[in-house]
1. Cα axis of helix 98-110 to longest principal axis of the chain: angle in degrees, 0 to 90, nearest 10?
2. I need the phi-derived Karplus couplings for the stretch 66-76: 6.51 cos²θ - 1.76 cosθ + 1.60, θ = phi - 60°, integer Hz, Gly and Pro marked x.
3. Tell me which trypsin sites (Lys or Arg not before Pro) from the stretch 45-132 have a DSSP coil assignment and no more than 10 other beta carbons within 10 Å of their own.
4. What does the stretch 78-172 give for Rg and for Dmax, in Å, if only its C-alpha atoms count?
5. For the chain, state what percent of all Cα-Cα pairs lands in each successive 10 Å bin, counting from 0 Å until the bin that includes the largest distance.
6. Using the beta-carbon distance between Arg136 and Leu172 and R0 = 30 Å, what value does 1/(1 + (r/R0)^6) give for FRET efficiency, to the nearest 0.05?
7. Roughly to the nearest percent, how much of the accessible area of the stretch 1-69 is carbon and sulfur, given a 1.4 Å probe?
8. Using amide H atoms built 1.01 Å from N in the peptide plane, name the residues 5+ places from Arg46, or on other chains, whose amide H lies under 5 Å from its own.
Amino acid sequence: MKLTQLRALLATVEAHTVNAAARQLFRTQPAVSAALQELERDVGQRLFERGARGMRPTAAGLVLAQRTRQGLASLAASAKMSGLAPAAVNRVCQQASDAQLEALAALIEARGFTAAARQLGIAQATVHRAVSSLARRLGVRLWATSGRLVEPAAGAEGIALGYALFRSELRL
């Protein structure tokens, strides 16, 4: 399950139509529809009843939406407690990608871009690009180098912990 899919789920549950959800997410209607279809395929269940009057979440859709809300609340609380400004906390929850958050978590754990890349099975440049992109999006520094080691900056560990809690909530 990807964050983009889960954000589409929440927006559709709240808005009752894919068109309204797409407007809320600043995405196209086909992109939101595709995200929902992929999510249903990933979880192996229908998440919405589709009808002429819009979309109603199934029981599974409601459970997943609630777990997603709780997971995003954990992510936000961890990011906030680690000292991120409210605007950065919102951007983590609303705009960060799985790839960015996974790269950050691996970087913090491995304390280096090369080791993080090896851990994720991707190129070092990909890890650097993902974490740098996240830092720019949030408007904060997420790491500093100390010799060959990478030290997480204030807020980085909170974001990584919050993302781990978010993923744990979804596994439940």
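The values are calculated or read from the model by the stated rules, or taken from the named source; none is laboratory data. This is a predicted model, so every value here is computed, not measured. A quick note on method: Cβ atoms are made from the backbone with ideal geometry, for glycine too, and the neighbour counts reach across all protein chains shown. The protein model used for the area step is the full one, side chains on, heavy atoms only, and it has no ligands, DNA or RNA in it. Shrake-Rupley method; radii C 1.70, N 1.55, O 1.52, S 1.80 Å.
1. Computed tilt is about 30 degrees.
2. 5, 5, 5, 4, 5, x, 5, 5, 5, 4, 5
3. Values: sites: Arg46, Arg50, Arg53, Arg67, Arg69, Lys80, Arg91, Arg111, Arg118, Arg129; in loops: Arg46, Arg53, Arg111.
Of the trypsin sites (Lys or Arg not before Pro), the ones in loops of the stretch 45-132 whose Cβ has at most 10 other Cβ atoms within 10 Å are Arg53.
4. Spelled out, the Cα radius of gyration and Dmax of the stretch 78-172 are 12.4, 40 Å.
5. 10, 36, 32, 17, 4, 0, 0
6. The calculated FRET efficiency here is 0.40.
7. It is 52 percent, rounded to a whole number.
8. Placed amide hydrogens put nothing under 5 Å from Arg46.
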